[in-house]
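Read through the structure below, which is laid out as structure tokens, and then see the notes.
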Amino acid sequence: MKVLIKKEDLKRRIKELAKQISEDYRGKTPVFIAILKGAFVFLSDLIRELEIDCIVDFMAVTSYNGSTESSGAVEFLKDITMDIQGKDVIIVEDIVDTGLTLDYIKKVLELRKPASLKICVLLDKKKKRKVKIEPDYVGFEIDDVFVVGYGLDFGEKYRNLPEIYCYEER
Ligand code: PRP
């Protein structure tokens, strides 16, 4: 498989994102909600570069069901464990594609009345959008290629790869 984003580039960009978030949330303790499974690698690298305190929680949803195309239906698998009312929340995602997942999660979390709600994604596949979602923090904009590695899977495999690759059927 061909490398799309190298280790050094991931590291450098994530450091920049963490710096920006640290400046924007200075004096606050934001709650980072990572969307499982894909976001766990990005979250762990991102929070270790922060210069502020933070809290983490996890939500699990899925819509790809082992395919390279979104089924269009978001399936809710696991909720966060915290009460986020009045908290500054940042949703952490590995990738936004059609936007259906983030649109759904945003609506679910907004109902719980956080003080603020922002979105941080590592990869933004803008051309595939079906609903309007504008992430507040974006690592990289990418073309319409299926990517794996660094948390992202195909059929649950390749999440452990340290770089981001364009997936090619073998
Ligand atoms: C992937 C990814 C995002 C979502 C983005 O999750 O982690 O959550 O798809 O696609 P969308 O913008 O078209 O909704 P997936 O359903 O593959 O589950 P996973 O994170 O467990 O791999």
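The values are calculated or read from the model by the stated rules, or taken from the named source; none is laboratory data. Predicted model only: the values in this text are computed from it and were never measured. Quick reminder, even Gly has a Cβ in these numbers, built from the backbone with ideal geometry, and neighbours come from all protein chains shown. We work out accessible area using only protein heavy atoms, side chains counted, and drop any ligands, DNA or RNA first. Shrake-Rupley method; radii C 1.70, N 1.55, O 1.52, S 1.80 Å.
Which condition does Ile35 not pass, out of (1) under 30 Å from Glu169 (Cβ atoms); (2) outside any strand (DSSP E or B), if it passes all the others?
(2) is the only condition that Ile35 fails.
Can you name every residue in region 98-107 that is within 14 Å of Lys132 (Cβ to Cβ) and open to solvent by less than 20 Å² (accessible area, probe 1.4 Å)?
Thr98, Gly99, Leu102
Looking at region 71-87, which of its residues are of a type in the set (A, V, I, L, M, F, W, C), in a loop (DSSP other than H, G, I, E, B) and within 11 Å of the ligand (Cβ to nearest atom)?
Step one: filter region 71-87 for residues of a type in the set (A, V, I, L, M, F, W, C), giving 73-74, 76-77, 80, 82, 84.
Those still in the list that are in a loop (DSSP other than H, G, I, E, B) too: 73-74, 80, 82, 84.
Once the filter is applied, which keeps residues that are of a type in the set (A, V, I, L, M, F, W, C), in a loop (DSSP other than H, G, I, E, B) and within 11 Å of the ligand (Cβ to nearest atom), region 71-87 yields Ala73, Val74.
Could you please tell me which pairs satisfy a Cβ distance under 8 Å, a separation of 6+ or placement on different chains, a first residue in region 86-103 that is hydroxyl-bearing (Ser, Thr, Tyr), and a second residue that is more than 6 Å from the ligand (Cβ to nearest atom)?
Thr98/Gly72; Thr98/Lys128; Thr98/Arg129; Thr98/Lys130; Thr98/Val131; Thr101/Val61; Thr101/Val74
If we keep just the residues of region 35-54 that are open to solvent by less than 60 Å² (accessible area, probe 1.4 Å) and without any contact (Cβ under 8 Å) to a residue 40 or more places away in the chain, which is farthest from the ligand (Cβ to nearest atom)?
Within region 35-54, the subset open to solvent by less than 60 Å² (accessible area, probe 1.4 Å) is 35-36, 38-39, 41-47, 49-50, 52, 54.
Applying the additional criterion that residues be without any contact (Cβ under 8 Å) to a residue 40 or more places away in the chain yields 44-45, 47, 49-50, 52, 54.
Values: Ser44: 15, Asp45: 16, Ile47: 18, Glu49: 21, Leu50: 21, Ile52: 25, Cys54: 21 Å.
Only one residue tops the list, namely Ile52.
Just name the residue that is farthest from Asp94 (Cα to Cα) out of those in region 108-139 that are open to solvent by 30 Å² or more (accessible area, probe 1.4 Å) and part of a strand (DSSP E or B).
Top of the filtered list is Ser116.
Consider Ile142 carefully, then state whether it is within 13 Å of the ligand (Cβ to nearest atom), open to solvent by 10 Å² or more (accessible area, probe 1.4 Å) and either under 12 Å from the mean Cα position of the chain (by Cα) or modelled with pLDDT of 95 or more (or both).
In short, yes.
Condition test on Leu161, is it at pLDDT 95 or above, surrounded by 16 or more Cβ atoms within 10 Å (Cβ to Cβ) and under 14 Å from Phe32 (Cα atoms)? Talk me through it step by step, then tell me what you get.
On the way: at pLDDT 95 or above: yes; surrounded by 16 or more Cβ atoms within 10 Å (Cβ to Cβ): yes; under 14 Å from Phe32 (Cα atoms): no.
In short, no.
Out of all the residues in region 88-132, which are near the ligand (Cβ under 10 Å from one of its atoms) and over 27 Å from Lys6 (Cβ atoms)?
Across region 88-132, the qualifying residues are Leu100, Asp103, Tyr104, Ile105, Lys130, Val131.
Is it true that Phe32 is open to solvent by less than 30 Å² (accessible area, probe 1.4 Å), of a type in the set (Phe, Trp, Tyr) and within 21 Å of Ile133 (Cα to Cα)? Reasoning before the result, please.
Numbers: open to solvent by less than 30 Å² (accessible area, probe 1.4 Å): yes; of a type in the set (Phe, Trp, Tyr): yes; within 21 Å of Ile133 (Cα to Cα): yes.
Yes.
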